[in-house]
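S.K.: Just dropping this structure here.
The values are calculated or read from the model by the stated rules, or taken from the named source; none is laboratory data. Since the model is a prediction, treat every value here as computed from it, not as a measurement. Glycine also receives a Cβ, built like all others from the backbone with ideal geometry; neighbour counts cover every protein chain displayed.
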Amino acid sequence: MDYQSILNTIEQKLDKRNCKGKVAAYIPELAKVPADKLGMHLYCINSGHYSFGDSNEKFSIQSISKVFTLALAIRFVGDKLWDRVDVEPSGDPFNSLTQLEYENGIPRNPFINAGALVVADVLVTHLENPKKELLDFVRQLCEDDTIDYDERIAKSEAASGYRNVALMNYMKSFENINNDVDEVLDFYYHQCSLAMSCKELAKAFMVFANAGKQLSTGKRILGKQKVKRMNALMQTCGFYDEAGEFSFKVGLPGKSGVGGGIVAVHPQQYSVAVWSPMLNEKGNSELGMDALEELTTLTGLSIF
Ligand code: DON
C-alpha cells in the first residue's frame with residue numbers, strides 16, 4: 001500500500017476554502033488558533049509512517065485526552081469503573097447535562113464530558129500526583145519527554161468552564177464524585193490542554209492498533225481485553241451525537257477534540273491523526289472527518 005501517495009491525494013482533495021466549520025470559541029485561547037492549519041500523520045504497524053501539512057505542529061488535544069485518562073483509570077479500578085460510568089452512546093452533545101437527571105448522575109459513557117469528569121475523579125483518588133502521572137503515561141506512549149500541558153489553555157478553560165462546573169456539582173449531588181470539585185476540574189482542564197502534534201498522537205494511539213503493545217519495544221501497556229473495550233467505546237461514543245455519522249463515513253474507532261484533532265485506529269493496520277481546527281456543528285473537525293473518509297475509501301481498509 002502506497003500510503004504516502006494516498007495521503008498526498010487526500011491533501012489535494014481537501015477544500016479549505018469551502019469548509020463551513022468554525023474554530024472553537026467557547027474556550028477563548030482556542031479561538032486564537034489559525035483556522036487554515038491542516039495536517040495528517042499515519043503510523044503503519046509494519047511499514048513506517050507518512051504525513052502531510054502541519055503534522056508536526058502541536059495543538060490542544062482537548063477531548064482526545066479522554067482516551068488516555070480512561071486507559072489509566074481502568075488500570076486502577078478495572079470493571080468497577082462501569083458502576084459509575086455507562087458504556088452507551090449518548091446521542092447528545094459532548095457537554096450535555098440532561099441525561100444525568102433521569103439516569104441518577106451516571107454518565108452515559110466515559111467520552112462525554114460528564115463521563116470524563118468521573119474518570120478524572122477516579123484518577124485524582126488513585127494517583128498521588130495525577131498531572132505528573134498522566135504526563136508520564138502519555139510521554140511513555142509517544143517515547144517523547146517533551147510532551148507537556150499548555151498552561152494558557154488550561155487557564156483559559158478554567159475561566160470559562162461553567163458547564164463543566166455545573167456537571168461536576170450535579171454529579172456530586174448524586175454522590176458520583178468523591179473528591180473536591182475544584183481539584184478534579186483542575187486536573188481535567190490540564191488533561192484537555194495537552195499539546196501534541198498529529199505525529200505524536202498517531203504514535204501514541206498505535207497502542208490501540210497494536211493490541212495493547214508499544215510498537216517499537218513490544219512492551220505490553222494495556223491488556224488485550226482492555227484494548228478491545230477502548231476501541232469499542234471509541235467506535236460507539238468517540239464522536240458524541242455524531243458517532244453514527246463517523247462510523248458510517250469512516251468506519252474506524254476514533255476520538256475527536258474541539259482543538260480540531262481526530263485520531264482513529266485500524267487494529268493491526270495503522271493509527272492516524274488529522275488536525276484542522278474548523279469544527280462542524282457537532283464539535284468535530286469538518287475537514288478531519290473528510291480526510292478520514294477519503295483514507296478508508298482510498299485504502300479500502302476500514303474495520304467493516
Ligand atoms: O470540556 C470541554 O468542553 C473541553 N475541554 C473538551 C471538549 C471536547 O474536546 C469535545 N470534543 N469534541
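S.K.: Scan segment 134-153 for residues that are assigned to a helix (DSSP H, G or I) and under 18 Å from the mean Cα position of the chain (by Cα) and jot them down.
M.R.: Start the filter on segment 134-153 by keeping residues that are assigned to a helix (DSSP H, G or I), which leaves 134-142, 151-153.
134, 135, 136, 137, 138, 139, 140, 141, 142, 153 - these are the residues of segment 134-153 that are assigned to a helix (DSSP H, G or I) and under 18 Å from the mean Cα position of the chain (by Cα).
S.K.: Can you find a residue that is touching a residue at least 60 places away in the same chain (Cβ under 8 Å), within 27 Å of residue 254 (Cα to Cα), loosely packed, with under 15 Cβ neighbours inside 10 Å and charged (D, E, K, R) anywhere in segment 132-145? Please lay out each step first, then the result.
M.R.: Restricting attention to segment 132-145, the residues satisfying the condition of being touching a residue at least 60 places away in the same chain (Cβ under 8 Å) are 133-134, 137-138, 140-143.
From the residues that got through so far, the ones that are within 27 Å of residue 254 (Cα to Cα) too are 133-134, 137-138, 140-143.
If we keep only those that are loosely packed, with under 15 Cβ neighbours inside 10 Å too, we end up with 133, 143.
Going one step further and asking which of them are charged (D, E, K, R), we end up with 133, 143.
Taking every residue of segment 132-145 in turn, at least one turns out to be touching a residue at least 60 places away in the same chain (Cβ under 8 Å), within 27 Å of residue 254 (Cα to Cα), loosely packed, with under 15 Cβ neighbours inside 10 Å and charged (D, E, K, R).
S.K.: Go through the residues of segment 119-129 one by one and say whether even a single one is of a type in the set (Ser, Thr, Tyr) and in contact (Cβ under 8 Å) with a residue 60 or more places away in the chain.
M.R.: Restricting attention to segment 119-129, the residues satisfying the condition of being of a type in the set (Ser, Thr, Tyr) are 125.
Of the ones still in play, those that are also in contact (Cβ under 8 Å) with a residue 60 or more places away in the chain are none.
The answer is no, given that none of the residues of segment 119-129 is of a type in the set (Ser, Thr, Tyr) and in contact (Cβ under 8 Å) with a residue 60 or more places away in the chain.
S.K.: On the given criteria, is residue 154 without any contact (Cβ under 8 Å) to a residue 60 or more places away in the chain, under 14 Å from residue 170 (Cβ atoms) and either touching a His at 6+ places or on another chain (Cβ under 7 Å) or surrounded by 14 or more Cβ atoms within 10 Å (Cβ to Cβ) (or both)?
M.R.: Details: without any contact (Cβ under 8 Å) to a residue 60 or more places away in the chain: yes; under 14 Å from residue 170 (Cβ atoms): no; either touching a His at 6+ places or on another chain (Cβ under 7 Å) or surrounded by 14 or more Cβ atoms within 10 Å (Cβ to Cβ) (or both): yes.
So residue 154 fails the test.
S.K.: Can you tell me which residues in segment 88-121 are of a type in the set (A, V, I, L, M, F, W, C) and either over 14 Å from residue 66 (Cα atoms) or over 18 Å from the mean Cα position of the chain (by Cα) (or both)?
M.R.: Going through segment 88-121, the residues of a type in the set (A, V, I, L, M, F, W, C) turn out to be 94, 97, 100, 106, 111-112, 114, 116-120.
Listed by number, the residues that qualify are 97, 100, 106.
S.K.: For segment 139-157, enumerate the residues that are within 16 Å of the ligand (Cβ to nearest atom) and under 24 Å from residue 202 (Cβ atoms). Break it down stepwise before answering.
M.R.: Of segment 139-157, the ones within 16 Å of the ligand (Cβ to nearest atom) are 149-157.
Result: 149, 150, 153, 154.
Residue by residue, here is whether (1) more than 23 Å from the chain's Cα centre (by Cα); (2) within 16 Å of the ligand (Cβ to nearest atom); (3) assigned by TED's automatic domain parsing to the domain that holds residue 161; (4) not in a loop (DSSP other than H, G, I, E, B) holds:
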residue: 8; (1), (2), (3), (4): yes, no, no, yes
residue: 11; (1), (2), (3), (4): no, no, no, yes
residue: 18; (1), (2), (3), (4): yes, no, no, no
residue: 25; (1), (2), (3), (4): no, yes, no, no
residue: 29; (1), (2), (3), (4): no, yes, no, yes
residue: 36; (1), (2), (3), (4): no, no, no, no
residue: 41; (1), (2), (3), (4): no, no, no, yes
residue: 47; (1), (2), (3), (4): yes, no, no, no
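S.K.: Being buried (at least 22 other Cβ atoms within 10 Å of the Cβ) and either in contact with a Cys (Cβ under 6 Å, 6 or more places away or on another chain) or among the β-branched types (Val, Ile, Thr) (or both) is the filter here; which residues of segment 169-203 pass it?
M.R.: 177, 184, 200, 203
S.K.: Could you tell me which numbered condition residue 114 fails, if it satisfies all but one of (1) free of Cβ contacts under 8 Å to residues at least 60 places away in the same chain; (2) among the aliphatic types (A, V, I, L, M); (3) farther than 17 Å from residue 161 by Cβ?
M.R.: Looking at each condition in turn, residue 114 falls short on (3).
S.K.: For residues in segment 61-120 being of a type in the set (A, V, I, L, M, F, W, C) and surrounded by fewer than 17 Cβ atoms within 10 Å (Cβ to Cβ), which is nearest to the ligand (Cβ to nearest atom)?
M.R.: We begin by selecting, within segment 61-120, every residue of a type in the set (A, V, I, L, M, F, W, C); these are 61, 64, 67-68, 70-74, 76-77, 81-82, 85, 87, 94, 97, 100, 106, 111-112, 114, 116-120.
Going one step further and asking which of them are surrounded by fewer than 17 Cβ atoms within 10 Å (Cβ to Cβ), we end up with 76-77, 82, 87, 97.
On the way: 76: 22, 77: 22, 82: 22, 87: 18, 97: 12 Å.
Here the answer is 97.
S.K.: Can you go through 160, 173 and tell me which one is of a type in the set (Gly, Ala, Ser), away from the ligand (no atom under 15 Å from the Cβ) and in the same structural domain as residue 124 (by TED's automatic domain parsing)?
M.R.: Numbers: 160 fails: away from the ligand (no atom under 15 Å from the Cβ).
On inspection, the qualifying residue turns out to be 173.
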